[in-house]
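One structure below.
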Amino acid sequence: MKNSKNEFKFVVTGVELTEEQQARVSLAIAQAGALALGDLAPRDAVGVRLDPKVWWHGIPKEVVVRQLQEFAAEEVGLQR
């Protein structure tokens with residue numbers, strides 16, 4: 001699997017949104033993006049709220065952690 005990152009922004013001007021409204025819009029955009037990816041996203045991809053306006057969608061935490069551990073071990077020359 002290729003390690004790549006894509007970021008998207010949605011800007012709203014001319015209106016005051018409450019924090020709750022901002023969180024609702026953020027979630028709706030994250031859900032629409034995940035749906036639009038369809039079969040392009042990893043089969044086990046999950047959405048994680050990083051803050052009220054930022055969502056992360058990708059492979060599960062345990063997979064990311066394992067991959068980071070493997071990468072770090074390779075970088076320092078440890079064999080598993």
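The values are calculated or read from the model by the stated rules, or taken from the named source; none is laboratory data. Quick caveat: nothing in here was measured; it's all calculated off a predicted structure. Neighbour counts are summed over all protein chains in view; Cβ atoms, including those assigned to glycine, are modelled from backbone coordinates with ideal geometry. Protein only, heavy atoms only, side chains kept; ligands, DNA and RNA dropped before computing areas. Shrake-Rupley method; radii C 1.70, N 1.55, O 1.52, S 1.80 Å.
Can you pull out every residue in the range 16-39 that is of a type in the set (D, E, K, R), loosely packed, with under 13 Cβ neighbours inside 10 Å, in a helix (DSSP H, G or I) and at pLDDT 85 or above?
The answer is Glu19, Glu20.
Residues in the range 40-50 that are over 8 Å from the mean Cα position of the chain (by Cα) and either of a type in the set (Ser, Thr, Tyr) or open to solvent by less than 70 Å² (accessible area, probe 1.4 Å) (or both): Ala41, Pro42, Ala45.
Of all residue pairs spaced 6 or more apart or on separate chains, those with beta-carbon atoms under 7 Å, a first member in the range 3-26 that is more than 17 Å from Leu37 (Cα to Cα) and a second member that is part of a loop (DSSP other than H, G, I, E, B) and not hydrophobic (A, V, I, L, M, F, W, C) are Glu19/Pro52; Gln22/Pro52; Gln22/Lys53; Ala23/Pro52. All conditions in (1) free of Cβ contacts under 8 Å to residues at least 40 places away in the same chain; (2) touching a Gly at 6+ places or on another chain (Cβ under 8 Å) hold for Pro42, with the sole exception of (1). The residues of the range 51-73 that are surrounded by fewer than 12 Cβ atoms within 10 Å (Cβ to Cβ) and of a type in the set (Asp, Glu), listed by number, are Asp51, Glu62.
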